[in-house]
1. Please indicate, with yes or no, whether at least one residue in region 108-115 is under 15 Å from PRO140 (Cα atoms), crowded, with 17+ Cβ neighbours inside 10 Å and in contact (Cβ under 8 Å) with a residue 12 or more places away in the chain.
2. If you take the residues of region 67-117 that are under 22 Å from the mean Cα position of the chain (by Cα) and of a type in the set (Asp, Glu), which of them is modelled with the lowest pLDDT?
3. Only one of (1) touching a residue at least 12 places away in the same chain (Cβ under 8 Å); (2) surrounded by fewer than 17 Cβ atoms within 10 Å (Cβ to Cβ); (3) more than 17 Å from HIS47 (Cα to Cα) fails for ASN90. Which number is that?
4. When you check LYS137 against the structure, is it loosely packed, with under 14 Cβ neighbours inside 10 Å, more than 18 Å from GLU69 (Cβ to Cβ) and not hydrophobic (A, V, I, L, M, F, W, C), yes or no?
5. Could you tell me which numbered condition LEU127 fails, if it satisfies all but one of (1) touching a residue at least 40 places away in the same chain (Cβ under 8 Å); (2) assigned to a loop (DSSP other than H, G, I, E, B)?
Amino acid sequence: MKKITKILFIALFITGVSTEMYAQKAEKTEKKEKEAKPLEKPAAVGHAATDDFVTSSFNLYKKNQKITETLSDAANNAGDLTATKTDLENQSKEVAALLEKSSTVLTEAKTITPKTDSIKAVKAINLATKALNETQKAIPGQLEQIKNQEAKN
């Protein structure tokens, strides 16, 4: 009888610890999701090609973020979905063109002197490329939302 009691207590202890660890892991995941902030445009670095690339990338990113907000509140923003769809298709082309250009701009940025300016430029380009990648990932979902809203109308 004592062995069975010990086994039951050990089993309950392991179950309790496992449950607690799972709950903590779920909390951390929730916090990470809540902390996802929009990307911030870095300051100008003084290299024309880099600054133009970063500005173009972040303008496109912000424009896409506004579309995301509009589509998430479709009831209050039932604007012209056809124009939004056309805009997203154009954004997709612009993103592809800018991503293609990113390696050239990055190579140029690595040659900037002094080296501290080069490092700033490379960081800015990497952040701009991240913004472009996020925009590119968002577009198919946004087009799907538009298709679903058009089907409801």
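The values are calculated or read from the model by the stated rules, or taken from the named source; none is laboratory data. Everything quoted here is computed from the prediction, not taken from an experiment. Methodologically, a virtual Cβ is constructed for each residue, glycine included, from the backbone with ideal geometry; neighbour enumeration extends over all protein chains shown.
1. Looking for residues that are under 15 Å from PRO140 (Cα atoms), crowded, with 17+ Cβ neighbours inside 10 Å and in contact (Cβ under 8 Å) with a residue 12 or more places away in the chain, one finds none in region 108-115, hence no.
2. ASP73
3. (1)
4. Numbers: loosely packed, with under 14 Cβ neighbours inside 10 Å: yes; more than 18 Å from GLU69 (Cβ to Cβ): no; not hydrophobic (A, V, I, L, M, F, W, C): yes.
No, not satisfied.
5. Only one criterion is unmet by LEU127, namely (2).
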